[in-house]
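Remarks on the structure that follows.
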Amino acid sequence: MNPRHDPNPFEEEEEVNPFSKAAAPTSKPRIPSFLPQSLGFGNKNDATVDIPLDTMSDTNTRAKELAAWDADLQRRERDIKRREDAVGRAGIPTNDRNWPPFFPIIHHDIANEIPIHAQRLQYLAFASWLGIVLCLVFNIVAVIVYWIKGGGVTIFFLAIIYALLGCPLSYVLWYRPLYRGMRTDSALNFTGFFLFYLLHILFCIFAAIAPPVVFRGESLAGILAAIDVFRVSVLAGIFYIVGFALFCIESLISLWVLQKVYMYFRGNK
């Protein structure tokens, strides 16, 4: 009998499951295969937690963009504040009334609000507006003189109406649109100026002639009315002749202004 095949008397006998179909002569205790994967003790099969790096980079980028946007907003606020302070220190008015100086009723600042190349033309238009104001005021004086000499009170009230309506309407309807058009280069304002300035010129020509339409035309100091007034009073007739000259000068200046403004407007289109 070969001693190499003798069983070791000190070796523990292997338990064999009699119910298993094929019992292996030797078996090792089975440990679930998922156990090393579920335990995080540095094994090579340990589960890893994936943290998306794109999300972190997007968050950092957005934070930088918000910081840059906030810095730009603060910079703009400082720029606006600095400009407002500069305008305040320079004493440049925005919309306050500053003319005439002794009793301000309108805002007017050609030197600071109108471009340099258009200031001369704007001053000329301003002279035209002052001219119609002068004509209407002097017309009241001439009618008062004729009223004292026996002309009647009706023509006086008509002269007052002409002045009360003509002075503000001429400013609102054609001078202020021209002022805004020169300042902002607005075609709409220029269109309004051309429309109403033509009516202004027609009125000046009508007043210079003073046809006998309303109360024989004596409510306006024109040439035809002056001829009739001379028959009543030489002094009143002289005032009417002066009024006629003022309306003629105003008509010529207005035609010149219209031509200059039209050339300026065509040049800027």
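The values are calculated or read from the model by the stated rules, or taken from the named source; none is laboratory data. All of these numbers come straight from a predicted model, not from anything done at the bench. Glycine gets a Cβ as well: all are built from the backbone with ideal geometry, and neighbour counts include every protein chain shown. We work out accessible area using only protein heavy atoms, side chains counted, and drop any ligands, DNA or RNA first. Shrake-Rupley method; radii C 1.70, N 1.55, O 1.52, S 1.80 Å.
Measure off 7 Å from each Cα along the Cα-to-Cβ vector at ARG266 and ALA111, then give the distance between these two points in nanometres to one decimal.
3.4
Using the Karplus curve 6.51 cos²θ - 1.76 cosθ + 1.60 with θ = phi - 60°, work out ³J(HN,Hα) for each residue of the range 63-68 in order, rounded to whole Hz, and write x for Gly and Pro.
Coupling constants for the range 63-68: 4, 5, 5, 5, 5, 5 Hz.
Roll a 1.4 Å probe over the protein heavy atoms and report the accessible area of ARG82 in Å², nearest 10.
Surface open to solvent at ARG82 totals about 140 Å².
On a full-extension model of 0.36 nm per residue, what is the gain between ALA127 and PHE157, subtracting their alpha-carbon distance, rounded to one decimal in nm?
My answer for the length gained is 8.1 nm.
Between VAL137 and VAL172, what is the label-point separation in nm under the 7 Å Cα-to-beta-carbon projection?
2.1
How large is ³J(HN,Hα) for each residue in the range 159-165, as worked out from phi by the Karplus curve 6.51 cos²θ - 1.76 cosθ + 1.60 (θ = phi - 60°), to whole Hz, x for Gly and Pro?
5, 5, 5, 4, 6, 5, 8
From Cα coordinates alone, what are the radius of gyration and Dmax values for the range 127-248 in angstrom?
15.7, 52
What is the gain in length, in nm to one decimal, between ILE148 and ALA67 on full extension, counting 0.36 nm per residue of separation less the C-alpha to C-alpha distance?
Numbers: separation 81, 0.36 × 81 = 29.16 nm, distance 8.07 nm.
Here the answer is 21.1 nm.
Kindly provide the pair-distance distribution of the range 175-226 built from C-alpha pairs, with 5 Å bins from 0 and whole-percent values in order of increasing distance.
Percent of Cα pairs in each bin: 5, 22, 18, 12, 10, 10, 11, 8, 3.
May I ask you to order 204-212, 107-115, 68-76 by the average number of other C-beta atoms within 10 Å around their residues, highest value first?
Working: 204-212: 19.3, 107-115: 14.4, 68-76: 10.0.
Those peptides, ordered most packed to least, come out 204-212, 107-115, 68-76.
How large is the accessible surface of THR61 in square angstrom, using a 1.4 angstrom probe and rounding to the nearest 10?
Surface accessible to solvent at THR61 totals approximately 70 Å².
Skipping prolines and chain starts, which residues have an amide H placed within reach, meaning under 5 Å, of the one on TRP99, given they are 5 or more residues away or on another chain?
For TRP99, whose amide H was placed from the backbone, the distant partners under 5 Å are ILE105, ILE106, HIS108.
Once fully extended, how much extra length lies between LEU199 and ILE249, figured as 0.36 nm per residue of separation less the alpha-carbon to alpha-carbon distance? Display every interim value, and only then the final one.
On the way: separation 50, 0.36 × 50 = 18.00 nm, distance 1.64 nm.
Contour length minus the Cα-Cα distance gives 16.4 nm.
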